[in-house]
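To start, the structure under review is shown below, and the notes come after it.
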Amino acid sequence: MADKDNSVNINSDGTKAAGAYHHGDLRAAVIAAGLKRIEEGEGGELGLRALARDVGVSATALYRHFPDKEALLDALADEGLRRLGALQAQAWLKAGGGSAGFKATGIAYVRFAHDEPALFRLSFTRQMSERKEGEDGGEVAYNLLRAGVGEALPGVKDPDVAALHAWALVHGLAMLVLDRRIAWDEAMVGKVVGLTFGGIA
């Protein structure tokens with residue numbers, strides 16, 4: 001099949017090759033392959049050609065979804081933020097919302113950095129372009145942050161400043177863990193996050 005076709009690879013006998021993809025799921029397959037390489041510590045091999053080999057298509061087949069490597073890295077970073085937001089949402093719900101949920105989302109943030117350091121760093125070092133509402137992978141995480149501030153400090157005068165304060169604390173704590181300035185200790189993380197707003201437990 002022509003190199004420009006990004007839907008499937010065809011064997012000489014006319015059957016679909018193993019790992020062939022329909023047009024709609026190739027992008028998702030490449031992102032999954034990229035995340036796997038990051039997880040396995042192969043972040044240096046995140047080029048389009050390497051990932052094309054992983055999913056069994058030509059590099060040309062990826063250009064419709066990722067015009068260059070920068071677009072691919074942006075997509076991986078965005079997926080990292082989506083994962084972070086999903087984990088924080090789960091933590092919020094499990095804790096029952098309110099102050100306990102607010103604390104749980106902070107702990108989840110630091111835990112994500114500890115568990116997936118390479119993806120965390122990628123997600124927060126990319127200069128992401130302007131997004132329309134609903135297209136930003138970090139939107140869920142930030143909305144939870146705002147909600148947590150609203151419930152934990154209902155009388156706060158400037159929720160944006162309070163949210164930035166909370167974000168700065170958990171991000172700084174995450175970076176201290178990643179840079180091995182402090183050892184990972186979830187109980188300690190919980191205590192530090194609990195002090196974010198005047199001793200919220």
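The values are calculated or read from the model by the stated rules, or taken from the named source; none is laboratory data. All values reported here derive from a predicted model rather than from experimental measurement. All Cβ positions, even for glycine, are placed from backbone atoms using ideal geometry, and neighbour counts span all protein chains on display.
Worth pointing out:
- Output for segment 150-174, where each listed residue is out of contact with any His (no Cβ under 8 Å at 6 or more places or on another chain), assigned to a helix (DSSP H, G or I) and among the aliphatic types (A, V, I, L, M): A152, V161, A162, A163, L164, A166, A168, L169, V170, L173
- Selection of segment 147-158 for residues being surrounded by 14 or more Cβ atoms within 10 Å (Cβ to Cβ) and out of contact with any Ser or Thr (no Cβ under 8 Å at 6 or more places or on another chain) yields A147, V149, G150, L153, V156.
- For V177: the one exception among (1) surrounded by fewer than 17 Cβ atoms within 10 Å (Cβ to Cβ); (2) in a helix (DSSP H, G or I): (1)
- Test: residue in segment 58-65 that is within 27 Å of V170 (Cα to Cα), modelled with pLDDT under 90 and not hydroxyl-bearing (S, T, Y): no
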